[in-house]
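Enquirer: Here's a structure for you.
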Amino acid sequence: MNDNYIKIIKINDKLSGYEKEIKRLKSEKKDIENSINELIDYTIHNRRNIFDYLMHINYQIKQFSHKIYKLYNYKNNIINKHYKIIQKQHISKGENTIFKILNSLIYYKIILYYEKEHILPIKYIRHLRADFYILDNQLTKYIIEYHGKQHYQYIKHYHKNYKKFIK
């Protein structure tokens, strides 16, 4: 058997395992999110524990998602006989500042939970995504949408062409 076939079989096995784990984690996350309104009756300490665990689940999902993305790219590179370098997602200075603020708000117990890149239960053409989703101690929900300069001026990296930027 060709070495590339063996590599692809091993990659497919890893992908299968990672995808099962992501499915399990997303199901667990959904169960917790579906019961958020019921948590108002819990003590603040118990709420914190639940949301710490939910943040841990989100971190694991993002880690597995990145591993899956890298494996699919590696597999495509083997199949197509080209080698693309996989870039890690870059966090802007503005988003980094927001991360620091949110981490301090959690540290000082002002908020219970935050999540980056949260899919909102709103659909407009496709599901809307918020840069940050936040729950305070009373389980009030907030979102933050950070608008970098790509929202105000044409930047080739973010827009296919000027017409798409205007849209």
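Enquirer: Give the residue that is surrounded by the most Cβ atoms within 10 Å (Cβ to Cβ), with candidates limited to residues of the range 117-141 that are of a type outside the set (S, T, N, Q) and touching a residue at least 60 places away in the same chain (Cβ under 8 Å). Give the steps one after another, and end with the answer.
Expert: Going through the range 117-141, the residues of a type outside the set (S, T, N, Q) turn out to be 117-136, 139, 141.
Checking the rest, the ones that are also touching a residue at least 60 places away in the same chain (Cβ under 8 Å) come to 135, 139.
On the way: L135: 19, L139: 16.
Across the range 117-141, the extreme among qualifying residues is L135.
Enquirer: Now for a separate question. Checking the conditions here, which among S65, S92 is touching a helix residue (DSSP H, G or I) at 6+ places or on another chain (Cβ under 7 Å), small (G, A, S) and touching a residue at least 40 places away in the same chain (Cβ under 8 Å)?
Expert: Result: S65 is the single residue among S65, S92 that is touching a helix residue (DSSP H, G or I) at 6+ places or on another chain (Cβ under 7 Å), small (G, A, S) and touching a residue at least 40 places away in the same chain (Cβ under 8 Å).
Read-outs: derived from the displayed coordinates by stated rules, not from any lab. Computed from a predicted model, the values in this text were never measured in an experiment. Please note: Cβ atoms are built from the backbone with ideal geometry, for glycine as well, and neighbour counts cover all protein chains shown.
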